[in-house]
Amino acid sequence: MAKITELSQLDANQTYSYADYLTWRLKETVELIKGKIMPMSPAPSVGHQRISADLSGMLYNFFKHKKCQFFAAPFDVRLYDRKKSILQNRDIVTVVQPDLCVVCNPDLLDKQGCNGAPDWIIEILSKGNSKREMQIKYRLYQESGVQEYWLVYPEHRAIHQFVLMENGQYQLQNMYAEDDKATPALFPELAIDLIEVFETWAEQ
């Protein structure tokens, strides 16, 4: 079988597995959504990366020496229905790379990334991927059992916080903005100052 090094070698209509994904040597970064190839947007903007770096620093410091572990992209997260047990690579058809995530169950971590749903995922929106984060990934994270999901809106300097309820559906818990301190439901002792998060965005 020929080595896959170009996106053009793949069939957009075919359903691929994570086992296939691991064999690719693409220059582009892609995600698999229900077995379908989803090319990621071009490299994030400077503003996106500054926000990601600020949040990363805060989360790294908070979770250092704790059971729950923090990870930033690139980091493969394999997802499937939360009602299923851990799957083998050939049976997994969804792999995403969240901007930031926190994993509290060490059994989900292996050398390839996270095999199952992180407890908390943060996605920072950009013009090229807003629909994916707001619609497709929202449903994926809900279905797979991600307990808390934050959407960061840089241009509005806001964060929407979704928490998974007992009925398996997300509920909008809070809409943080401006000078608020955003607090994850899973980690109420953590207060994220949005002035610090968005201060570099104003410099653009």
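The values are calculated or read from the model by the stated rules, or taken from the named source; none is laboratory data. None of these values were measured; they are calculated from a predicted model. Cβ coordinates were reconstructed from backbone atoms using ideal geometry, including for glycine residues, and neighbour counts include every protein chain displayed.
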message: Condition check: over 25 Å from Lys36 (Cβ atoms) and free of Cβ contacts under 8 Å to residues at least 60 places away in the same chain. Does Met175 satisfy that?
response: yes
task: Check whether at least one residue in the stretch 56-73 is surrounded by 12 or more Cβ atoms within 10 Å (Cβ to Cβ), at pLDDT 95 or above and in contact with a Cys (Cβ under 7 Å, 6 or more places away or on another chain), and report yes or no.
output: yes
statement: Residues in the stretch 63-84 that are assigned to a loop (DSSP other than H, G, I, E, B) and either under 25 Å from Gln169 (Cα atoms) or touching a residue at least 12 places away in the same chain (Cβ under 8 Å) (or both) total 12
query: Which condition number in (1) in a helix (DSSP H, G or I); (2) closer than 22 Å to Gln135 by Cα; (3) not hydroxyl-bearing (Ser, Thr, Tyr) is the one that Pro98 fails?
result: (1)
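Tally time: how many residues in the stretch 102-116 are within 11 Å of Asp76 (Cα to Cα) and assigned to a loop (DSSP other than H, G, I, E, B)?
Here the count works out to 3.
Give the stretch 42-63 a look and list any residue that's polar (S, T, N, Q) and over 14 Å from the mean Cα position of the chain (by Cα), or say none.
Within the stretch 42-63, Ser45, Gln49, Asn61 qualify.
Could you count how many residues in the stretch 1-58 are under 23 Å from Ile122 (Cα atoms) and either assigned to a loop (DSSP other than H, G, I, E, B) or acidic (Asp, Glu) (or both)?
The total comes to 12.
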- request: Mind counting the residues in the stretch 7-21 that are surrounded by 12 or more Cβ atoms within 10 Å (Cβ to Cβ) and out of contact with any Gly (no Cβ under 8 Å at 6 or more places or on another chain)?
  value: 6
field: Criterion violated by Val146 - all others in (1) modelled with pLDDT of 95 or more; (2) closer than 19 Å to Ile37 by Cα; (3) aliphatic (A, V, I, L, M) satisfied
entry: (2)
message: I'm told Leu87 meets every condition in (1) buried (at least 21 other Cβ atoms within 10 Å of the Cβ); (2) in a loop (DSSP other than H, G, I, E, B) except one. Can you identify the failing condition by its number?
response: (1)
task: Please specify each residue of the stretch 122-144 satisfying the condition of being more than 18 Å from Leu55 (Cβ to Cβ), within 13 Å of the chain's Cα centre (by Cα) and either surrounded by 17 or more Cβ atoms within 10 Å (Cβ to Cβ) or touching a residue at least 24 places away in the same chain (Cβ under 8 Å) (or both).
output: Arg132, Ile136, Tyr138, Leu140, Gln142, Ser144
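Under the condition of being of a type in the set (D, E, K, R) and touching a strand residue (DSSP E or B) at 6+ places or on another chain (Cβ under 7 Å), which residue from the stretch 72-129 is farthest from Ile37 (Cα to Cα)?
Among residues in the stretch 72-129 that are of a type in the set (D, E, K, R) and touching a strand residue (DSSP E or B) at 6+ places or on another chain (Cβ under 7 Å), the one farthest from Ile37 (Cα to Cα) is Asp119.
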